[in-house]
Amino acid sequence: MDFMKFLKSVALAAAVILPQSALASSGGPALPEQTWNFQGIFGQFDQSALKRGARVTVEVCMACHSVKYIKFDSLKQLGFSEAEVIALAEAQSRNKKDRMLSPMDPVAAKDTFGVTPPDLSLITKARKGYEDYTYALLTGYLTDADRALVQKVMEDGALSDSELKELSSALGLDPHHPEKAKEILTRIQANENFNKYFPGHFLAMPQPLNDGAVTYPDGVESSLKQMSQDVVTFLAWAAEPTLMERKSLGVKVMLYLVLLTVMFYAVKRRIWAKVH
Amino acid sequence: MFKSIMDWVDVRLPVTALIKSQATEYPTPKNLNYWWVFGSLALFCLIVMLMTGLFLAMHYKPDANLAFDAVEHIMRDVNYGWLLRYMHANGATFFFMAVYIHILRGMYYGSHRAPREILWWFGIIIFFLLMATAFMGYVLPWGQMSYWGAAVITNLMSAIPVVGEELVVWIWGGFAVGDPTLNRFFALHFLLPFVIFGVVIIHLWALHAVHSNNPDGIDIVDEHKDTIPFHPYITIKDLYSMGVFLLIYCAFVFFMPNFFLEPDNYIPANPMQTPAHIVPEWYFLPFYAILRSIDFLGSYSKLAGVIAMVAAIAILFILPFLDRSPVRSFRYRPLSRQLFWIFVIDCFLLGWVGYNPADATRFNGALPLIVVGRTCTAIYFGYFFLLWIITAFDIEKPQPVPKSL
C-alpha cells in the first residue's frame, strides 16, 4: 500500500513538474525577468508607456521593420490626437489609413543585412520568453564596460579560467567551452553584432537603441532601459490589441462560473443526500 | 396542450419513451465516482469545438497566402474572434485531457472487459479520429510549427514499403507541404468532427446496451437496489463537474491563452527555414517519443518507429483479451494497480522526452534522453505484457470482491 502511495505521488509530481521543466529547458542565458504592468489578471496597459513606445517604434524600429497588422489610425486608441497620428504617418511618407509598413524595401533589406527584418506585429508572442525576451534583446548588446572587458581579455591572447568565468557571467557565454568563447571574442573584435540573449549571440541587427535616441514630448528621460520598456509595452499591445477586453471579460466570466458551480454543488449535495 | 402534442408525436415517433428509457430513467450504478464524469465532459468539449469551429470557419481562409493573416484578422477584427480562436485552440487541449482521463479510468476499473469490448473499440476509434482531426487543425494557422509539424508527420508515411513515397506526394498534393495540403486538411478538419459525432452516438448506443461499469467492476445484481436514475442524479453531478472543468478551461482561455501554444507558430510558415526544434502539441508527445526511440534499426528505424507509434494505441484494441483476471476493477487487484501507476508515470516521462530535442542529454551528457525514451517505450509496452502475464498465469491474487454495490 505504501508503494502505491509513493507511485501516486510520483505520478502527481510528474503531472505538475514535467510540463514546467519542459518549458524551462529552453537553453541559452536566463533572461532578466521584468515586471510588466499589463500582465496578471488585473494588469493594465500604461497609456503613457504605450504612447512613448509607439513613438520609438515609428521613429527608430520602422526604419527597417514593419508592424503590418496595425494601421497608423489605430494609434488613436493609445491617446494620440488626429494631428499626432498624421504627423507620425507622414514622417514615414504614409497616409494615416495605411498599415504601419516600413519604407525600407524587404528585398533591399535582405541584400543589405542578409535577412529580411521580421515584422514586429507579433514579435512578443513569437519568441520564447515573450516580452522578457524582446526587452533582453534590446538591452543585451555590449555595454562600454563589456567592451573594455573584451579588450582586456584579448590583449594577451590567452584565456585564463578566471577570465572565462568573468566573461561567462558578463556576456552570457557558456563557461564549459573556452574554444567557442574565443571564437566569439574574435568575432566581437571584428565588429560583428553581439547580443547576450540572441540564440547564437550574433545577429544582423546592430544595436537599435542608445540613450537619448528619441526625445519624449512628455519629458520622461529616454534612457535605453526606459525606451526598451516602452517599445516592448507597445509591441505587446500591437501583438494583441484585444488583451484588455479579454481580461475584463475573463474576470466577469470567472465570477459567473464560480457562482454557477457553487450552486450546482449545493443542488448536487441536496439531490444525492437521498442516496448516501 | 403540450401533452396532447407529445401524444400525437409519440404515436408516430416514440420520443417520450426514448428519453425516459435512455436518459431520465436510464439506470446507472449508484457508486460511480468522479472519474466517471469525463465521458460527458469530453462530449461537452466536442460540442464546444463544433460550435467555435463553425464560426471560425466563416472567417478563415484555407489558402497558403492568406491563412496566417486570416487568423490574425479573426484575432483583431472579428467581434469576439479572439474568444472563438482561444476557446478553440485551448479546447483541443482540454478535450484531450478529458479523453485521456476517460481512457485511463476505463483501464483502471476494467471498463473494457466483457461485455463492453465493442463499446471500448468504438472509443479507441474516436481517439484515432480525434488525433487526426487535432493534427490537421493545428496545420490551419499556417505558422512555422503548423507547417513543419505537418511536414514531419506526413513524411512518416514514406516509411511504408513500396507505396510510401507516392503516398506522401498524394497526401501533399504536390512535392512538398503546400497550398493543396492546407486546402484538403481544412476540408477534412471540417468533416471529421461530424464523423466523430457519429461514432460517439455508436459509442453511447453500445454503452446503453451493456450499461456503465462501476468502481467495483462487478455486475448489477438488483437493478432496483444498485442503480439510480440518470436524472437527476448523474445530470446534476455532470453539471457540477462541468462547472469545475469550465473554471479551469476559462482560466486558460482568458488569462493564459498561449500557455499550450508554441511561440514559433506566431511566425508565418516559411518552407525555406526549418525551426531549431520541431515539437508537436503536448497531447502527441508520448507517441512522438515512442516514434523517435526506435533509432537503432538502421534503415528500418523509421518504419519500425511508425509501427511502434501506431501500435502504442492499437494495442488498446486487444487490451480486453490481454487482461485475464476474473476481477475487472484494479481496486481489488494490488499488483495491477501498481503496474497501472507505473504506466501513468511512464506516459508523463515519455511526454517529457518527446518535448526535448532528440539529441538532448542530462547530467552533463551522462544520460542521453534517447536512452530514457527507449526505456520508457519498453515500459509502455511492458505494461500490457505484464498485465497479461500476471493474470493469465494467476500470479496476481485478487482481493475479495463485494457481492453487490
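The values are calculated or read from the model by the stated rules, or taken from the named source; none is laboratory data. Note that this is a predicted model, so its numbers are computed, not measured. No Cβ is skipped: glycine too gets one built from the backbone with ideal geometry, and neighbour counts run over all protein chains shown.
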Looking only at residues that are among the β-branched types (V, I, T) and buried (at least 19 other Cβ atoms within 10 Å of the Cβ) in region A:151-186, which one is nearest to A:G200 (Cα to Cα)?
A:I184
Quick one: how many residues across region A:115-124 are more than 13 Å from A:F234 (Cα to Cα) and either at the interface with chain B (Cβ under 8 Å from one of its Cβ atoms) or of a type outside the set (S, T, Y) (or both)?
4
Can you name the residue in region A:214-240 that is more than 14 Å from every other protein chain (Cβ to nearest Cβ) and charged (D, E, K, R) and, of all such residues, is surrounded by the fewest Cβ atoms within 10 Å (Cβ to Cβ)?
A:D218
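This table checks each residue for (1) at the interface with chain B (Cβ under 10 Å from one of its Cβ atoms); (2) touching a strand residue (DSSP E or B) at 6+ places or on another chain (Cβ under 8 Å); (3) modelled with pLDDT under 95; (4) under 25 Å from A:P208 (Cβ atoms).
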position: A:K8; (1), (2), (3), (4): yes, no, yes, no
position: A:L18; (1), (2), (3), (4): yes, no, yes, no
position: A:T35; (1), (2), (3), (4): no, no, yes, yes
position: A:C64; (1), (2), (3), (4): no, no, yes, yes
position: A:K71; (1), (2), (3), (4): no, yes, no, yes
position: A:G79; (1), (2), (3), (4): no, no, yes, yes
Cβ-Cβ distance below 7 Å, separation of 6 or more or different chains: which pairs start in region B:261-276 with a residue that is farther than 16 Å from A:P117 by Cβ and part of a loop (DSSP other than H, G, I, E, B) and end on one that is of a type in the set (V, I, T) and modelled with pLDDT under 95?
B:E262/B:V279
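For (1) among the hydrophobic types (A, V, I, L, M, F, W, C); (2) under 30 Å from B:I19 (Cβ atoms), each residue gets a yes or a no:
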{"position": "B:D222", "(1), (2)": "no, yes"}
{"position": "B:F245", "(1), (2)": "yes, yes"}
{"position": "B:F255", "(1), (2)": "yes, no"}
{"position": "B:N258", "(1), (2)": "no, no"}
{"position": "B:E281", "(1), (2)": "no, no"}
{"position": "B:L285", "(1), (2)": "yes, no"}
{"position": "B:I294", "(1), (2)": "yes, no"}
{"position": "B:I307", "(1), (2)": "yes, no"}
Answer yes if at least one residue in region B:222-235 is over 20 Å from the mean Cα position of the chain (by Cα), more than 10 Å from every other protein chain (Cβ to nearest Cβ), farther than 30 Å from B:T28 by Cβ and at pLDDT below 95, and no otherwise.
no
How many of the residues in region A:33-76 are closer than 21 Å to A:M104 by Cα and outside any helix (DSSP H, G or I)?
9
Taking the options A:D132, A:D98, A:D119, name whichever one is among the charged types (D, E, K, R), within 21 Å of the chain's Cα centre (by Cα) and under 22 Å from B:H73 (Cβ atoms).
A:D119
Picked from region B:240-287 (must be over 25 Å from B:V344 (Cβ atoms), more than 10 Å from chain A (Cβ to nearest Cβ) and touching a Gly at 6+ places or on another chain (Cβ under 9 Å)), the residue surrounded by the fewest Cβ atoms within 10 Å (Cβ to Cβ) is B:P271
Quick test for you: out of B:R337, B:R333, B:R362, pick the one residue that is buried (at least 21 other Cβ atoms within 10 Å of the Cβ), among the basic types (K, R) and under 25 Å from A:A11 (Cβ atoms).
B:R333
If a residue has to be hydroxyl-bearing (S, T, Y) and in contact with a helix residue (DSSP H, G or I) (Cβ under 6 Å, 6 or more places away or on another chain) to count, how many in region A:90-112 make the cut?
1
Can you pull out every residue in region A:65-89 that is among the polar types (S, T, N, Q), free of Cβ contacts under 8 Å to residues at least 60 places away in the same chain and over 16 Å from A:R52 (Cβ atoms)?
A:S66
Those residues of region A:196-255 which are within 21 Å of A:D73 (Cβ to Cβ) and hydroxyl-bearing (S, T, Y), in sequence order:
A:T233, A:T242
What pairs come out if I take residues in region A:242-257 that are within 8 Å of another protein chain (Cβ to nearest Cβ) and within 12 Å of A:F42 (Cβ to Cβ) and pair them with residues that are buried (at least 17 other Cβ atoms within 10 Å of the Cβ) and not polar (S, T, N, Q) whose C-beta lies under 6 Å away, six or more apart or interchain?
A:G250/B:F254; A:G250/B:F255
Failed item in (1) more than 7 Å from chain B (Cβ to nearest Cβ); (2) more than 30 Å from A:A49 (Cβ to Cβ), with A:K268 passing the rest
(1)
